[in-house]
1. On full extension of the chain, what length is gained from residue 32 through residue 46, given 0.36 nm per residue of separation minus the C-alpha to C-alpha distance?
2. Enter the accessible area of residue 86 (Å², nearest 10), with the probe set to 1.4 Å and all protein chains included.
3. Can you send over the solvent-accessible area of residue 5, 1.4 Å probe, protein chains only, in Å² to the nearest 10?
4. How do 105, 36 rank by accessible surface area computed with a 1.4 Å probe, from largest to smallest?
5. Could you state the number of Å between the C-alpha centres of region 76-115 and region 1-47?
6. By the scheme Lys and Arg +1, Asp and Glu -1, what is the net charge of all other residues having a beta-carbon under 10 Å from that of residue 52?
7. For the chain, what % of the accessible area comes from carbon and sulfur atoms, probe 1.4 Å?
8. Calculate one ³J(HN,Hα) per residue across region 53-60 by plugging θ = phi - 60° into the Karplus curve 6.51 cos²θ - 1.76 cosθ + 1.60, and present them in order as whole Hz with x for glycine and proline.
Amino acid sequence: QVQLMESGGGLVQPGGSLRLSCVASESIFTFYEMGWYRQAPGKQRELVATILGSGNTKYADSVKGRFTISTDNAKRTVYLQMNSLKPEDTAVYYCHVNALTATHWGQGTQVTVSS
């Protein structure tokens, strides 16, 4: 069972930035895909960004140009750099891994964008 530990959430003003990190308990080199999802109160969980082992990335339209997903294999970590944050970005952000044989979720980290 892969363990995922997210960090980096918090309270930020509109227009501010945060960087989320997700550390895996084992090497991410063989994972098919890693990504970030979010769930706002009263809404369904939605995809934010994903990155394949090949390096190809995919973003939700709402975050394109503002968020960047990246990985550091040596640190077993996937990052989500979030810039120009908006109140509608407020949500619990979850790390996700697709290892083909199984999928794994982190516990989530709260991001609140408010003045």
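The values are calculated or read from the model by the stated rules, or taken from the named source; none is laboratory data. These numbers were taken from a predicted model, which means no experiment stands behind them. Every residue, glycine as well, gets a Cβ built from its backbone with ideal geometry; the counts of neighbours run over all protein chains shown. All accessible areas refer to the heavy atoms of the entire protein, side chains included, with ligands and DNA or RNA removed. Shrake-Rupley method; radii C 1.70, N 1.55, O 1.52, S 1.80 Å.
1. Working: separation 14, 0.36 × 14 = 5.04 nm, distance 1.93 nm.
Here the answer is 3.1 nm.
2. Ignoring ligands and nucleic acids, residue 86 comes out at about 80 Å².
3. About 130 Å², ignoring ligands and nucleic acids.
4. Working: 105 100, 36 0 Å².
Largest accessible area first, the list is 105, 36.
5. 3 Å
6. Numbers: positive: 58; negative: 33.
Around residue 52, the charge tally is 0.
7. Working: 2940 of 6250 Å².
Carbon with sulfur: 47 percent of the solvent-accessible area.
8. x, 6, x, 5, 10, 9, 10, 5
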